[in-house]
Amino acid sequence: PDFLPGLLGMAMAEHVATMALNGHALPQLPLLVGPISGLLPLRRRRRSLRSALALAALVAAVVLAFCGTASLSSMGWQVLPGFGSAGLAARAASRRRCSASASVSACRAAALEAAAASPAQVADDATAAVDEAWEAEATRCWSLGADGQIPGLIAEMCPAGREYDWKARRYIVSPFLSKLAAQAAAADRPWRRQPGERAAREIPGGMKTDADFTEGYRSGWEAQGIQDSAMALSYLGQACEPGRSSTMLDLGCGDGSMARSLIQSPAVGRVFAIDCARKELEAARELAEKQGLVPEDGLFFVRADAQALPFRDGQVDGIWCGACLHVVEDPAAALRGLLAALRPGGGRLVATTPAESFGAKQLEAMAKEAGFSEVTIKVPRHGVFALQAMRA
């Protein structure tokens, strides 16, 4: 029985430390239950190693809560703002900026109106970002149809005869698989548009309140999406230049949640959601359709290879690579390709990866060897490293 309070104390301490690292307001319950559960075993077994570990974890949590940024910065790492007044003030200022607009969709509509971005211009800009070898495919999928709308087909831009098995982390030379991929592309359907008035878009995770963060933290996968959106919108947003719509990539997009968040930023003109699995892209497109998004917003889906991106050099302002770098065959080669796609003089990359796949120093060294500058490693949550870097 005396073993359980020690475990509870360690769990609560980790909970507090994780929220402190991510700059969230700390709930009072872990701060109260943590000391009690950590100290109970000490009353019964003063020399218990388990009790000592629980107390040490609790002390570490409190230290990280109030001075975590300084502690980890001294180790060469950077973390999100802590529990201090500066972090809370920054989030409050962010909320005030967002409250100036009634909704993100209204803000983006105003930006599009100001830029006078017609559907034809949106389609032309998307095609212009693609490498010359894939222009025909981009035209097939994204040029205006007879109804004046962008079809929104999933563009097939994987090298022919070379399919990637991400589970085995190797390439398969198979004309048969390539033939199946070509057949699936030929049978693809156009974008399904919601009838009637378009629904209001959701506010991206990076614009939610502290209460949303705390509630989302308790809901597992939703919390990760909130944290990732906040981090991506904050860092990649610095790559956006005033008066010019930016191009973003969601590499290894999965369900496309990050692509949907990015395209709702007024400064983003187009987002390419990229994955090597067509089923993932089809599911992501359905979610975008249900949310009321359309290709004219600048959202495009592409089946492509992370080690052979189908974009011209220097055409991309920001890249989100979420939980993708550790499943490519050659991460170093993938990073070199990402660097080439980014705009010189400020193009930015955010890549998250499980901590067991790469060490922090290894991840930093790979990015620097690929040619990235201003490389930093962050810890957005337990067991995850986030690489942030830019092209000089």
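For Asp124 and Arg193, what does the FRET efficiency come to when R0 = 25 Å and r is the distance between their Cβ atoms, rounded to the nearest 0.05?
Here the calculated transfer efficiency is 0.75.
Over region 261-359, with every protein chain in place, what whole percent of the accessible area is carbon and sulfur at 1.4 Å, could you tell me?
49
Under 20 Å Cα-Cα from Lys279, which lysines qualify once same-chain neighbours fewer than 8 residues away are excluded?
Lys167, Lys179, Lys290
Counting only C-alpha contacts under 8 Å and six or more residues apart, can you give the relative contact order of region 313-392 as a whole percent?
34
With each label point set 7 Å from Cα along the Cα-Cβ vector, what nm distance links Ser357 and Glu329?
Distance between the two pseudo-spin positions: 1.7 nm.
I'd like the trypsin sites (Lys or Arg not before Pro) in region 319-392 restricted to DSSP loop residues with at most 11 other Cβ atoms within 10 Å, sorted by number.
none
Determine the order of Trp166, Trp191 by accessible area, beginning with the largest, at a probe radius of 1.4 Å.
Trp166, Trp191
What distance in nm separates the two pseudo spin-label positions at Arg381 and Arg244, each 7 Å out from Cα along the beta-carbon direction?
3.5
Please report the antiparallel percentage of DSSP beta bridges with both residues in region 240-348, rounded to the nearest 5.
Looking only at bridges with both residues in region 240-348, the antiparallel portion is about 5 percent.
Before I look further, what does region 225-370 give for accessible area per residue, probe 1.4 Å, in whole square angstrom?
Heavy-atom accessible area per residue stands at 31 Å².
Please compute, for the alpha-carbon atoms of region 214-342, the extent along each of the three principal axes and give them in descending order in Å.
Principal axes ranked by extent give 39, 37, 27 Å for the Cα atoms.
What are the lysines whose alpha-carbon lies under 17 Å from the alpha-carbon of Lys361, with same-chain residues fewer than 8 places away excluded?
Lys378
Subtract the Cα-Cα distance of Val173 and Ala136 from 0.36 nm times their separation in residues, and report this length gain in nm to one decimal.
11.0 nm
May I ask you to rank Ser246, Ser373 by accessible area, largest first, using a 1.4 Å probe over the protein chains only?
The ordering from most to least exposed comes out as Ser373, Ser246.
The values are calculated or read from the model by the stated rules, or taken from the named source; none is laboratory data. Bear in mind the structure is a predicted one, so any value in this text is a computation, not a measurement. Using ideal geometry, Cβ is built from the backbone for each residue, glycine included, and neighbour counts are taken over all protein chains shown. All accessible areas refer to the heavy atoms of the entire protein, side chains included, with ligands and DNA or RNA removed. Shrake-Rupley method; radii C 1.70, N 1.55, O 1.52, S 1.80 Å.
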